[in-house]
Amino acid sequence: MQLALIALFPLAGAVLPLIAIRAGRNACTFVTAAVSSIALLILLANAPAVFGGATVRSGTDWVPALGLSFRFFLDGLGLFFATMILVIGLLVIVYSRFYLDRDDPMGRFFAFLLLFQGAMLGIVTSDNILLLVVFWELTSLSSFLLIGYWSHLPEGRQGARMALIVTGGGGLLLMAGMLLLGQAAGSYELTEVLQRGDAIKASPLYVPILLLVLGAAFTKSAQFPFHFWLPHAMAAPTPVSAYLHSATMVKAGVFLLARLWPVLSGTELWFAIVATTGLVTMLIGAWIALFKDDLKGILAHSTVSHLGLMTMLLGFGTRTAVIACMFHILNHATFKASLFMSAGIVDHETGTRSLRKLGGLARLMPISAVLALIAAASMAGVPLFNGFLSKEMMLEAAAETSVFGSVWIVPAAATLGALLSVAYSARFAVSTYLGRPRAALTKHPHDPPFGMWAPVAALVIPVVAIGLAPQLIAGAVVERTALAVVGAATLDFHPLAIWHGFTGPLLMSGIALAGGLALLLLHTPLETLRHALPRPDAKAMFDAVIAASVRAARWSIRRLHNDSLPRYLAVITLTILAVGSAGFVTGRHDAGLRAMLPVNLPAAVAWILLIAASVAVMLFHVHRLLTLILSSVVGLIVSLTFMQFSAPDLALTQISVEVVTVILLLLALNLLPKITPAEPRLGRKLRDVALAGGGGLGAAALAYAVMTRDLGSISDFYLAESKPSGGGTNVVNVILVDFRGFDTFGEIIVLCIAALVIYALLSSALEGAAARRLDAMRQRNDSADAHPLVLVVAARVLLPLAITVGVYIFLRGHNQPGGGFIAGLVVATAIIMQFMASGYAWSAEQRRIDGHRLLGAGVLIAAATGIGALLFGHPFLTSSFVYVPVPLIGDVELATAILFDIGVFLTVVGTVVLSLSQISRVERRAKRTPAPVGPSDIPLVPRAPLQPRPAAPSAQEG
Amino acid sequence: MEILVASGIGVLTMVGLYLVLSRHSFPVIIGTTFLSYAVNLFLFAMGRLSIDKAPIITKGVTDYTDPLPQALVLTAIVISFGMTALVVVLALRGFLETGTERLENGEAHRRARARKAERR
């Protein structure tokens, strides 16, 4: 049976309650319970194999390169926890049906609950430690949703946020710890990691691994000093507390410690940290629990205390302690979950959870009271209930432990913990159910409906049954679980028994019971004592830390993100410079050995021109038109450079792009200010010059260093295969349309997106503030000669010529310099010339196809060519070609790559035409002259003196 | 020749960076075109310089320059046009919308914002 389903079923099933709630609350509960039950059935189907001693594994690879796999396994420990999660989950689901109010969105509650259940099951069954981290974080997220379920309550929101920050932060520690653990172990599969305990303990990474993993476990299991989030999480609905904060989520930390016990335990460091933290947490939790008046507050701190007890047992590092810990996990889950549910019943029936108001409920609600009293007795460790047995075993393990050469410290502290536990349990039971009511209650309490107390009863039955016949009921489970924890084939397992004779632990138990009851009588003076002692408020500290980090974040945002693009770019440039310089300083600086090419005269002249134009741009860049002209000089020299160094395709592309870019910038400049305000601050100028100079120096040095070294290239393949398999002799073009056609396909899509964004940006520019500004420009920007006759005629004559040239360049592209990109630019330039010469409106009228269609057609043709290859069983964009004999001309090559190139051509034309025509359209709004009405705007008769424009042109033109 | 090309790349980078750090949008656009020149030349130079060895397969010729950087640069040139066009239009729309080309707010405006953030 697939183990993955155990976790995935509840995760996927989380959508069902949201749908089922439409059919009513009972249907919703039923569906949720059914999901859990199916997961439980799958789990139990594997139980016989696990009890036979086998480890069930299943799953598959996920991201093998990262060591991440989707594998699950089930052994005694996993089975134990998974059963607990599912069984208590089912009881909580039934209980919630009656607990939740009519106004509470039940579908959402059960959806969150199933999400959490799936995540928890994932933790306890993952075989891969990275997968475990994923589920671990999922429990933090889903518990956040559950704790904050009543999102209208501020305590709910704050408690949820605090739990998320603490446990989510612990999850980050876990991720780091697991990555290191995988490195130290050489595998990320848990089953393999567990075999390599000795190698991990010997590894230098052991200490960081231990600290990180313990950080995760302690935050999740609310160990001191991270214990503060659990009481605040009590703002959650009580079923959530019963489920998450007694039986499941907080036990995940203990589970992690148990799971990695064979790998991490047994060292002095482990004992020192884990046992001490557990002991301290046990005492602090119990001490605070004694003074809480809120029922759930007592239970929360008691849970903290019991979790400390479990952590301490694991910290001892002995096998007897592990057995005691596993037994106590089972017992604690039963009595604590039932106590939480009982507290919920009290809250539900009386409207309060305060011990100061409650009392005497035993007479009003006898069934619930009996159940709660039994569970509380078990929590106190009264004989004949299950809590007594595991507490006895804990005391026994503590009695065997010595620290600092003293055999007294640990047993004494453990007895004190047990004593406090008796005291608060007794206070909980006595103040709630015995005596008489302390305050007038608004409601008249009575026993809740059967569905609400039945789950409590279902948990109290094992409390009594295990207490009376421990070995019969729980012996096999505890032994199997402990075997899995220690990772051994056999275990020195004494049958669980009630009576061991008169032993040390029995004496300690007796002291605890008597002392605890005595302590209860001293409660009032003790409370005075507690008020006299310093009581650090964890929430205030937590809030202070959060507030400080928010302030630090705000401060750094203000520093870095100060509304200044120049500042950001300066920071980026500086960072790149710093990184580059660091690399340069620490690297080697041998001179390159490649022979240099001799300088020739034209190159020297071009270089001088380039430097002169560049420096002039730097000096005079406030004059924008001049800058534009100078930069086109630079562009021209760049394209000559390509020409010089055997790159005719690049030269052609560069020069045609240059033309289009200059036209574009001219069009834009027409609407923008013609002068850039000069930078007044000298310091800033110097800073910019220094940054720019540093960057330039770096780029030059890098380029020089590379060019003077020899090259190992993969291009021999392209040169050799261009003709035989690509069918063309222009290798650059064959690479573009064939070998790396997928890249080119991506490029034309980028072009398309750019064109569409431009269209979107400008299509709305004729409304609102932009339109008013354009209107204002219209009055300023008067030009007498909008469309000079010479330009109009020249452009008309050029159009067919340019299109012919474009077609020629396109057709020869596969074998000679040329191709779709260049041809597209040439044709686009010719079309744009019409806009320039005759205005937008005239050209728009003449044009039969618009930019959008060109773009769409281009990409679709290119894609269809690629998909065509798929139809013939070749990979996407594989090209093929045939030679067709044509009389007189000879063999003519027909290649599918030509089709692809047509797509490129159309996209380029579409992009250029669409973007530039959009700009001219906006420009027209600012123009003085009325839109021409005829086919040409060359007037045959001199136009009458300017007349006032009738109205603003509509925004819908074009 | 390599020195000329390398120093040319350096100067183009310098002008590009200088203009990009400017406080107004138009010089930044010109700056990006200069940076595009520099980067395209730089990428092209990664295939090393050679003269009269165009990668057009011809009978009897065995020595060609590296075609791969050329193919990469060819698309890069076209894409940088697309980028320039987009940035120009962004700047244009921004100017039409706000009436200013400035890329940073003044000191006074910044301080006011900071004060507002403190109060929050």
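The values are calculated or read from the model by the stated rules, or taken from the named source; none is laboratory data. On a predicted model such as this, the values are computed, not experimentally measured, just so you know. Cβ: placed from backbone, ideal geometry, glycine included. Neighbour counts: every protein chain shown. Please note that ligands, DNA and RNA were not included when accessible areas were found on the heavy atoms of the full protein model with its side chains. Shrake-Rupley method; radii C 1.70, N 1.55, O 1.52, S 1.80 Å.
Cα to Cα, under 20 Å, and not fewer than 8 places away if on the same chain: which lysines meet these conditions relative to A:Lys723?
Straight-distance partners of A:Lys723: B:Lys53, B:Lys59.
Points 7 angstrom from Cα along the Cβ direction at A:Ala12 and A:Leu507: gap in nanometres?
According to this spin-label approximation, the distance is 6.0 nm.
Quick one: which of A:352-358, A:477-483 comes out on top by average Cβ neighbours within 10 Å, and what's the full order, highest first?
Ranking the peptides A:352-358, A:477-483 by packing returns A:477-483, A:352-358.
Can you tell me the mean projection area, over all orientations, of the convex hull of chain B's alpha carbons? Units nm², please.
10.9 nm²
Find out how many positive minus negative residues lie around A:Leu164, taking Lys and Arg as positive, Asp and Glu as negative, among other residues whose Cβ is under 14 Å from that of A:Leu164.
+2
To one decimal place, what orientation-averaged projected area in nm² is obtained for the convex hull of the Cα set of the stretch A:41-104?
6.8 nm²
Once a ≥ b ≥ c are taken as the square roots of the eigenvalues of the Cα gyration tensor of the stretch A:2-72, is the result rounded (a/c under 1.5), prolate (a/b larger than b/c) or oblate (a/b not larger than b/c)?
Because a/c hits 1.5 or more and a/b fails to exceed b/c, the stretch A:2-72 counts as oblate.
Of the cross-linked pairs A:Lys685/B:Lys116; A:Lys391/A:Lys539; A:Lys220/A:Lys292; A:Lys292/A:Lys443, which ones have a Cα-Cα span greater than 27 Å in the structure shown?
Pairs exceeding 27 Å: A:Lys685/B:Lys116; A:Lys391/A:Lys539.
If you average over every viewing direction, what projected area does the convex hull of the Cα atoms of the stretch A:499-626 give, in nm²?
One quarter of the hull surface, i.e. the mean projection, equals 24.9 nm².
May I ask for the distance between the Cα centers of the stretch A:538-571 and the stretch A:236-254, given as a whole number of Å?
35 Å
Rolling a 1.4 Å sphere over the protein heavy atoms, what is the accessible area per residue of the stretch A:473-537, to the nearest Å²?
For the stretch A:473-537, the solvent-accessible area averages 59 Å² per residue.
Between the alpha-carbon centers of the stretch A:658-726 and the stretch A:306-351, tell me the distance in whole angstrom.
68 Å
Within 10 Å of each Cβ of A:748-754, how many other protein chain Cβ atoms are there on average?
If you average over the peptide's residues, the count of other-chain Cβ atoms is 4.
Need one word for the stretch A:682-799: rounded, prolate or oblate. Basis is the Cα gyration tensor (sqrt eigenvalues a ≥ b ≥ c); a/c below 1.5 gives rounded, then a/b vs b/c decides.
oblate
Where in the stretch A:227-259 is the amide nitrogen less than 15 Å from a point lying 7 Å along the Cα-to-Cβ axis of A:Asp104?
A:234-245
Can you tell me the length gained on complete extension of the stretch A:Leu205 to A:His561, counting 0.36 nm per residue apart and subtracting the Cα distance?
124.3 nm
How large is the translational diffusion coefficient of the stretch A:330-400 in µm² per second when you combine the Kirkwood radius over alpha carbon pairs with Stokes-Einstein at 10 °C and 1.306 mPa s?
Stokes-Einstein gives a translational diffusion coefficient of 120 µm²/s.
Treat each spin label as a single point 7 Å out from the Cα along the C-beta direction, and report the A:Leu626 to A:Leu491 distance in nm.
The modelled label-to-label distance comes out at 8.8 nm.
Kindly tabulate the residues in the stretch A:651-666 with an accessible-area decrease of at least 30 Å² between the chain alone and the assembly of all protein chains, using a probe of 1.4 Å.
A:Thr653, A:Gln654, A:Val657, A:Thr661, A:Leu664, A:Leu665
Could you please state how large a percent of the accessible area of chain A is carbon and sulfur, counting protein chains only and using a 1.4 Å probe?
70 percent
Please report the base-10 log of the normalised intensity I(q)/I(0) for the stretch A:558-657, using a Debye sum with one equal scatterer per alpha carbon and no solvent, at each q in 0.12, 0.19, 0.23 (1/Å).
Each listed q corresponds, in turn, to -0.73, -1.06, -1.06.
Going 7 Å from the Cα of A:His444 toward and past its Cβ, which residues in the stretch A:352-387 have a backbone nitrogen under 16 Å from where you end up?
A:363-366
Volume per residue, Å³, of the convex hull around the alpha-carbon atoms of the stretch A:618-763?
Considering the Cα atoms of the stretch A:618-763, their hull volume per residue is 167 Å³.
Considering amide H positions built from the backbone, and no H for Pro or chain starts, which residues 5 or more places from A:Val56, or on another chain, come under 5 Å of its amide H?
A:Leu74
If each residue of separation counts as 0.36 nm, what is the full-extension length gain between A:Ala591 and A:Glu400 once their alpha-carbon separation is subtracted?
Length gained between A:Ala591 and A:Glu400: 61.6 nm.
Take peptide A:701-711, look around each residue's Cβ out to 10 angstrom, count Cβ atoms belonging to other protein chains, and average those counts.
Neighbouring Cβ atoms belonging to other protein chains average 6 per residue here.
When ligands, DNA and RNA are left out and all protein chains stay put, how many square angstrom of accessible area per residue does the stretch A:97-197 have with a 1.4 Å probe?
So the stretch A:97-197 comes to 34 Å² accessible per residue, rounded to a whole number.
Hey, how much of the P(r) for the stretch A:224-267 falls beyond 17 Å, as a percent of Cα pairs?
45 percent
Using 7 Å Cα-to-Cβ label points, what is the A:Ala54/A:Leu697 separation (nm, one decimal)?
7.2 nm
Considering the alpha-carbon set of the stretch A:354-496 alone, what are its Rg and its Dmax in angstrom?
So, for the stretch A:354-496, Rg and Dmax equal 19.1, 60 Å respectively.
Taking Rh as the Kirkwood radius computed over C-alpha pairs, what is the Stokes-Einstein D of the stretch A:412-562 at 20 °C in a medium of viscosity 1.002 mPa s, expressed in µm² per second?
Answer, rounded: 99 µm²/s.
In a shell of Cβ-Cβ distance under 15 Å around A:Ser246, excluding A:Ser246 itself, what net charge do Lys and Arg (+1) and Asp and Glu (-1) give?
Overall, the nearby charge balance is +4.
When N is the residue count of the stretch A:381-443, what does its C-alpha Rg come to as a fraction of 2.2 N^0.38 Å?
Taking the Cα Rg and dividing by 2.2 N^0.38 Å, one obtains 1.60.
In Å, what is the Rg of the alpha-carbon atoms in the protein assembly as shown, and how long is Dmax?
39.5, 127
So which helices of chain B fit the span-like rule, where a helix is a whole DSSP H run, its Cα atoms reach 20 Å or more along the axis, and its mean Kyte-Doolittle is at least -0.5?
B:2-20, B:25-45, B:67-98
Does the stretch A:69-150 come out rounded, prolate or oblate, given a ≥ b ≥ c as the square roots of the eigenvalues of its C-alpha gyration tensor, rounded meaning a/c under 1.5 and, failing that, prolate meaning a/b above b/c?
Judged from the Cα gyration tensor, the stretch A:69-150 comes out oblate (a/c at least 1.5, b/c at or above a/b).
Count the net charge of all other residues whose Cβ sits under 14 Å from the Cβ of A:Arg594, scoring Lys and Arg as +1 and Asp and Glu as -1.
Spelling it out: positives minus negatives among the neighbours equals -2.
Per residue of B:35-48, what is the mean number of Cβ atoms on other protein chains within 10 angstrom of that residue's Cβ?
Counting other chains' Cβ atoms within 10 Å and averaging over B:35-48 gives 6.
What number comes out for accessible area per residue over chain B if the probe is 1.4 Å? Units Å², please.
38 Å²
Express in whole angstrom the spacing between the alpha-carbon centres of the stretch A:288-305 and the stretch B:1-21.
So the separation of the two Cα centres works out to 71 Å.
Please give the peptides B:93-99, A:341-347 ranked by average Cβ packing (other Cβ atoms within 10 Å per residue), highest first, as a rough proxy for protection.
Order by mean packing, descending: A:341-347, B:93-99.
Ordered by packing density, taken as the mean number of other Cβ atoms within 10 Å over each peptide's residues, highest first, how do A:538-549, A:178-189, A:396-407 rank?
A:178-189, A:396-407, A:538-549
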